[in-house]
Amino acid sequence: MKKLFDLRKNRAWARDATIVTQLGLTMAGCILLLFYVGHKADGWLGTRGVFTAVGTILGVVGGAVVCYRQIMELTENDKKEEDGEDSDRSA
């Protein structure tokens, strides 16, 4: 019986799918959390969507910053791994 998905052959694809999923959930989580906080603040203070709008904007900006940092960390790790492989080959 043939396997539906062989992780050994598709390791890079699975890793990329994991990263994309993580970034998407991080972005959505930041936006939804700050939207909720802004919505509750509007209800508590009796304002008409001011804090909801501000919270949503801060959620988008904050999510983008967090995603950017995660991407930069991943690329730095990839560069370190490549440099480590190059030094192993030259030795």
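Each value in this text was obtained by applying a stated rule to the coordinates, not by laboratory testing. Everything numeric here is computed off the predicted structure, so don't read it as measured data. Note that each Cβ is placed from the backbone with ideal geometry, even for glycine, and that neighbours are counted across all protein chains shown.
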- Query: In the chain, what trypsin sites (Lys or Arg not before Pro) fall in a loop by DSSP, with at most 15 other Cβ atoms inside 10 Å?
  - Reply: LYS2, LYS3, ARG8, LYS9, ARG48
- Message: I'd like the Karplus ³J(HN,Hα) series for the stretch 60-71: coefficients 6.51, -1.76, 1.60, θ = phi - 60°, whole numbers in Hz, and an x wherever there's a Gly or Pro.
- Response: 5, 5, x, x, 5, 5, 5, 5, 4, 5, 5, 5
- Query: For the chain, what is the per residue volume of the convex hull drawn over the alpha-carbon atoms, in cubic angstrom?
  - Reply: 108 Å³
- Message: Counting C-alpha atoms alone, how compact is the stretch 33-76: give Rg to one decimal and Dmax as a whole number, in angstrom.
- Response: 13.9, 46
